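What follows is a short report on a single structure.
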Amino acid sequence: MKKWTLIFFVLSFSFVLGACSSNSDESSDSATIESGAEGQDTAESSADMEMATNDSDEKAQYNQEEAEQSSESEQVREVETNSASTSDRKVIYNANLQVEVKDYNQATNELESQVEEAGGFIVESTSHGGSENGLQEGSMTVRIPQENFQQFINVVEEGNMKVVDKSVSGQDVTEEFVDLKSRLKSKQVVEERLLSFMEEAKKTEDLLKISNDLSEVQTEIEQITGRINYLQNKADLATVTLHIYENRVNVPNINEEELNTWEKTKQQFMESINFLLSAVSGIFVFIVGNLPTLLLLAIVGLIILRIVKKRSGKEN
């Protein structure tokens with residue numbers, strides 16, 4: 001009896017151990033499956049995050065590069081402005097001169113020659129007046145190379161013309177010029193990078209956005225280039241405006257015909273004869289034309305005269 005009890009106890013203990021081992025394996029397998037699913041989800045999330053991170057990195061890289069370029073441009077601008085403070089400055093010169101001349105046409109011809117000698121050119125020329133007894137006046141706007149600007153002013157002042165009023169002004173545009181050059185370089189770098197981004201872009205929305213940004217940058221480049229060319233031209237060629245007016249004493253010319261005494265005598269004689277003929281002709285026309293009236297008046301006069309005489313004789 002004791003033997004069977006011991007066998008039953010051993011079998012029961014073995015069965016309990018097997019059941020515990022099975023539960024442990026199932027738990028282990030379930031944990032393994034759950035761990036694998038979590039790993040797969042984590043991998044997918046990591047891939048999505050990586051793609052988003054790449055896009056963010058590209059945008060951040062573009063913004064960072066643009067910021068770095070702006071910073072570099074600012075530093076370059078400061079360096080170039082400081083270096084230009086002593087040499088190669090951009091100054092726009094303008095001068096206004098009021099000039100008094102004796103002969104307007106001669107003075108304008110001289111000015112045209114002086115402008116040509118100075119290497120300049122005439123932008124605008126106007127004149128008015130010039131009547132028989134009037135005086136001419138006008139204005140002339142010329143562009144002179146900056147290196148010959150002061151020399152041209154001196155030539156006008158020392159010539160036959162009288163400079164009544166003069167004003168000369170200069171505008172230093174060096175800082176603006178350097179700033180524009182730096183901005184142009186920065187915009188050109190941005191243009192190149194946008195072109196490279198456009199080649200690498202695959203999405204339509206990215207292409208449209210980059211295209212719009214590129215169009216704006218190119219428009220700014222054109223505007224900056226136009227302003228740079230304008231300032232360069234104004235700095236290279238000074239503008240001089242001349243207001244010219246004539247101030248001469250008109251001496252009347254002696255007419256030779258007025259000095260011909262014989263001709264004047266004959267003319268006066270003929271005028272006298274014509275006057276006498278006109279007078280005689282007028283009297284003759286008056287008498288003949290008014291003869292009936294004159295005869296009537298004469299008859300009336302004679303009657304009155306006879307009456308007066310008769311009365312005078314009776315009184316005596």
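The values are calculated or read from the model by the stated rules, or taken from the named source; none is laboratory data. This is a predicted model, so every value here is computed, not measured. Ideal geometry is used to build each Cβ from the backbone, glycine not excepted, and the neighbour counts take in all protein chains shown.
This table checks each residue for (1) surrounded by 15 or more Cβ atoms within 10 Å (Cβ to Cβ); (2) in a helix (DSSP H, G or I); (3) at pLDDT below 95.
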residue: Arg143; (1), (2), (3): yes, no, no
residue: Gln171; (1), (2), (3): no, no, yes
residue: Phe177; (1), (2), (3): yes, yes, yes
residue: Glu205; (1), (2), (3): no, yes, yes
residue: Asp213; (1), (2), (3): yes, yes, yes
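Does Ser125 satisfy the criteria of being more than 30 Å from Gln218 (Cα to Cα), exposed (fewer than 15 other Cβ atoms within 10 Å of the Cβ) and either without any contact (Cβ under 8 Å) to a residue 60 or more places away in the chain or among the small types (Gly, Ala, Ser) (or both)? Spelling it out, it is not the case that Ser125 is more than 30 Å from Gln218 (Cα to Cα), exposed (fewer than 15 other Cβ atoms within 10 Å of the Cβ) and either without any contact (Cβ under 8 Å) to a residue 60 or more places away in the chain or among the small types (Gly, Ala, Ser) (or both). In the set Leu237, Leu259, Leu297, Leu291, only one residue is hydrophobic (A, V, I, L, M, F, W, C), surrounded by fewer than 10 Cβ atoms within 10 Å (Cβ to Cβ) and either at pLDDT 85 or above or outside the structural domain of Phe197 (by TED's automatic domain parsing) (or both); that residue is Leu259.
Taking Val163, is it in contact (Cβ under 8 Å) with a residue 60 or more places away in the chain and farther than 24 Å from Leu231 by Cα? Yes; evaluated as a whole, the condition is true for this residue.
Taken over region 149-169, the criterion of being assigned to a helix (DSSP H, G or I) and crowded, with 18+ Cβ neighbours inside 10 Å is satisfied by Phe149, Phe152, Ile153, Val156.
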